[in-house]
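What follows is one structure encoded as structure tokens, with my remarks underneath.
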Amino acid sequence: KMTQQMRDLQLAQARKPQGPSSPNAAKRLYRNLSGKFRVNYTSFDEGSLAGRGEKDKLRKSYLFQSNAALFEAVELQDLDRVQELLKQYSPEELDLNTPNSEGLLPLDIAIMTNNAPIARALLQAGAKESPHFVSLESRSLHLSTLVREAEQRVNELTAQVVNEAPNADCSEKEKQLKAWEWRYRLYKRMKAGFEHARVPDAPTNVHLSVASSSSVQVTFWEPLSVNSAVVTKYKVEWSCSPTFSPPLGEAVIDKLKNLHFTIRGLVSGTAYYVQVSAYNMKGWGPPQASVPPFAIPSNWREYDGRAPRRRGQAEALDHLLGQVKTVHQHCVCHEPCKNQPQSRKHSVSKSLKHLFHPGSKFLKTLKRGLYLTAIFYKDDNILVTHEDQIPVVEIDDTYSCLLMQDFLWFTKVSCMWDEILWLRQCVTVSQSSCSCILQTRFKMLLAISQMQGLLGIQDLGQVFFEPVKDKQGNILIVTLKEVKTNQTFESVRWVPICKLQTSRKSVSSPEEPTALDTLLISVQDKLAYHQRSSHALSPGLYLGYLKLCSAVDQIRVLVPEQLPNILCHVKIRSNPNISREEWEWLQKMASVEESVPAEPEAEISQNHLFQELQVAIKELMTLVNIPLQEAKDFRLYSQEVLDFGGQVSFLLLLPPSDDVCTAPGQNNPYTPRSGFLTLPLQIFELGEER
């Protein structure tokens, strides 16, 4: 009776024609579709309403046939075809969770034939089990009915084929008989698979960790046993009692891409016990308690009540900037002082005239001076002027100030590309001892405005971490920006990078290349740096290695070439939170002023964080090419956990205090040999903020 009701329902929905399909129907279907439907699909007149209607009908028919093809592929246990269909169509287009006329879903067929690879592929795509099977008895009864009716149909067709004389109708009956025989065998296999299946074993590696002061996270793996049916969902339960009486809550996980769950809305300081169980078509298996058996929601800041380092800083800076803007609304400080020496007045006036003169354009060659160049790229193409040059404008042709100070100031200005006009109004060219610096910075702002005007865009991108210099006295400040949309620029065009490099005629010798030649030769390296510096870390807790070196005018920090916006690091775990208990343990380690032990002591051998740190430290030392025995005096920074947006946090591993920052000329035993570079500290901080 139940089977008949489901069939009536499916016939009413007109989801699938009645009667079985041939085992070879899927192959014929794809051959017909590729030969007919796909060609006709693009032949309709898009402007015709009737054409659009026919096109919609054809698409619906095509998707309907795709749904039938998915059922055929699952029944034939064709994993490649199933994966192809799941990749080509969305679950909605495939009607992935709509039962066929027999009341079955693709996932039902896969799990009852015990085809684990196809079942997992369907589960990954969001497939569900049929909701009609509310109990084991209903599923068993339904399968018995399908087997009995298929057997009856086979007997009827066999009798007809035996008793009828050979003719066209008989040939058609033989085809139907073969199809029903195949379907009869399929239903028997499904029934046997269901009868022999048993409930799943408990999940393995159930690990519980503290995710925040109000949540805990549980991660787990599939059951080890492969003899039971495919697991289709998991249940996470939690309670304040180790007996789970009373239970506080439960959650069913049916999206199996990532086997983890975060329990939120918990009370800080309260112990919560968690267990996980698995489900298949035979029901729920036994629960598995977590390791550790309970967790207490907390955060390391609760140890001493410390507030976040940057709380309110962004708001305070915005408020301060607003106040400064208000003061300078009617400012005329950008006008040159009347008492200036004539040469300086002339220089500034010349720069202003050059900026607003109709003939202002990009430079073709460099003379001795300071210049700004902007590199815009998209895929393997780069923006160039009509003369096939990278856009370059002059900053100062008589530059003689301290380059690093001005360069670092320029990098800070790059955070305010939209405020250049206002910044120009705030920079005063005075007669003081700092006038050389102010003049240079005023000229930098003028050059930025000129570049923005010539390109027709405000955002010039990120500043490369060091200027490009040559022996002729030229200095190039380089900005980099990736263009991901069809953006319109003025006075420039797109050219393949390889074409620009091969077609450019160098005017310098290989021994002493100009700054422009050096830039062009190394442009791919700079683009690679720019792309890598925009990558973000996946959520988790990391162990970072802090190593500095100082020069006359700057401090530089060691970073990996593959991720230059982050310290050298390895991942400790996926959970970024450090609990209060873990932080208290780290404080105890730091208070005894001992180095990180090579082997865990008996009393802390069960400390999971300790074990994770042991693995991470060894991996980090290998990464930076430092022998583990040389790191015996290294220490963990115990003042705070570095938090980046709540999803990424860092513990820092430091060399001995005398070796954290290497002075000029000092032998540095803790610097890796390759795969790393050193960035000016201010550049690194800006990249980190981005």
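Summary table below
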{"item": "Residue pairs meeting the criteria (Cβ under 9 Å; at least 6 apart or on separate chains; first within 24 Å of Ser649 (Cα to Cα), in the range 309-322; second among the charged types (D, E, K, R) and open to solvent by less than 60 Å² (accessible area, probe 1.4 Å))", "result": "Arg309/Glu640"}
{"item": "Which listed residue is modelled with pLDDT of 90 or more and under 26 Å from Lys412 (Cα atoms), from Leu516, Leu543, Leu537", "result": "Leu537"}
{"item": "Number of the exception - Gly126 against (1) of a type in the set (Gly, Ala, Ser); (2) closer than 29 Å to Arg81 by Cα; (3) without any contact (Cβ under 8 Å) to a residue 40 or more places away in the chain", "result": "(3)"}
{"item": "From Arg198, Arg148, Arg183, residue being assigned to a helix (DSSP H, G or I) and either buried (at least 20 other Cβ atoms within 10 Å of the Cβ) or touching a Ser or Thr at 6+ places or on another chain (Cβ under 7 Å) (or both)", "result": "Arg183"}
{"item": "Subset of the range 260-276 [of a type outside the set (Phe, Trp, Tyr), open to solvent by 40 Å² or more (accessible area, probe 1.4 Å) and in contact with a strand residue (DSSP E or B) (Cβ under 8 Å, 6 or more places away or on another chain)]", "result": "His260, Arg264, Gly265"}
{"item": "Positions within the range 86-100 being open to solvent by 40 Å² or more (accessible area, probe 1.4 Å) and more than 27 Å from the chain's Cα centre (by Cα), in sequence order", "result": "Asp95, Asn97"}
{"item": "In the range 231-246, residue nearest to Asn114 (Cα to Cα) [restricted to those that are in a loop (DSSP other than H, G, I, E, B) and open to solvent by less than 90 Å² (accessible area, probe 1.4 Å)]", "result": "Val231"}
{"item": "Boolean, Ala119 is open to solvent by less than 20 Å² (accessible area, probe 1.4 Å) and either closer than 25 Å to Leu94 by Cβ or hydroxyl-bearing (Ser, Thr, Tyr) (or both)", "result": "yes"}
{"item": "Any hit, the range 505-518, residues being among the small types (Gly, Ala, Ser), touching a strand residue (DSSP E or B) at 6+ places or on another chain (Cβ under 9 Å) and either without any contact (Cβ under 8 Å) to a residue 40 or more places away in the chain or surrounded by fewer than 20 Cβ atoms within 10 Å (Cβ to Cβ) (or both)", "result": "no"}
{"item": "Filter result (among the β-branched types (Val, Ile, Thr) and in contact with a strand residue (DSSP E or B) (Cβ under 6 Å, 6 or more places away or on another chain)) within the range 527-582", "result": "Ile555, Val557, Val559, Val570, Ile572"}
{"item": "Count of residues meeting criterion [small (Gly, Ala, Ser) and modelled with pLDDT of 90 or more] in the range 454-497", "result": "1"}
{"item": "Conditions (1) open to solvent by 60 Å² or more (accessible area, probe 1.4 Å); (2) touching a Leu at 6+ places or on another chain (Cβ under 9 Å); (3) in a helix (DSSP H, G or I): number failed by Leu107", "result": "(1)"}
{"item": "Residue satisfying all of: in the range 87-108; closer than 18 Å to Asp254 by Cα and among the aliphatic types (A, V, I, L, M); modelled with the lowest pLDDT among these", "result": "Leu96"}
{"item": "Among the residues listed as Gln531, Gln524, the single one being open to solvent by 20 Å² or more (accessible area, probe 1.4 Å), under 28 Å from Val641 (Cα atoms) and at pLDDT 90 or above", "result": "Gln531"}
{"item": "Scan of the range 380-439 for residues that are hydrophobic (A, V, I, L, M, F, W, C), within 18 Å of Leu366 (Cβ to Cβ) and modelled with pLDDT under 85, ordered by number", "result": "Leu403"}
{"item": "Tyr545 vs. criteria in contact (Cβ under 8 Å) with a residue 40 or more places away in the chain and not assigned by the TED database to the domain that holds Val393", "result": "yes"}
{"item": "Condition met for Leu500 (assigned to a helix (DSSP H, G or I), more than 28 Å from the chain's Cα centre (by Cα) and closer than 19 Å to Asp380 by Cβ)", "result": "yes"}
{"item": "Test result for Glu490, open to solvent by 20 Å² or more (accessible area, probe 1.4 Å), among the charged types (D, E, K, R) and not in a loop (DSSP other than H, G, I, E, B)", "result": "no"}
{"item": "Selection count, the range 363-400, where residues are farther than 15 Å from Gln472 by Cβ and either surrounded by 16 or more Cβ atoms within 10 Å (Cβ to Cβ) or of a type in the set (Val, Ile, Thr) (or both)", "result": "17"}
{"item": "Any pair with Cβ under 8 angstrom, 6 or more apart, that starts in the range 203-221 at a residue that is free of Cβ contacts under 8 Å to residues at least 12 places away in the same chain and ends at one that is in a strand (DSSP E or B) and surrounded by 21 or more Cβ atoms within 10 Å (Cβ to Cβ)", "result": "none"}
{"item": "Matching residues in the range 470-504 - criterion: being of a type in the set (Val, Ile, Thr) and touching a residue at least 24 places away in the same chain (Cβ under 8 Å)", "result": "Ile475, Ile477, Val478, Thr479, Val483, Thr488, Val492, Val495, Ile497"}
{"item": "Where Ser228 falls short, out of the listed (1) open to solvent by less than 20 Å² (accessible area, probe 1.4 Å); (2) part of a helix (DSSP H, G or I)", "result": "(2)"}
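Okay, residues lined up against (1) within 24 Å of Trp284 (Cα to Cα); (2) not polar (S, T, N, Q):
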site	(1), (2)
Val82	no, yes
Glu93	no, yes
Asn97	yes, no
Asn114	yes, no
Arg120	yes, yes
Ala127	yes, yes
His132	yes, yes
Ser135	yes, no
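The values are calculated or read from the model by the stated rules, or taken from the named source; none is laboratory data. Because the structure is predicted, anything quoted here is derived from the model rather than measured. Cβ atoms come from the backbone with ideal geometry, glycine included; neighbour counts cover every protein chain shown. Note: areas computed on protein heavy atoms with side chains; ligands, DNA, RNA excluded. Shrake-Rupley method; radii C 1.70, N 1.55, O 1.52, S 1.80 Å.
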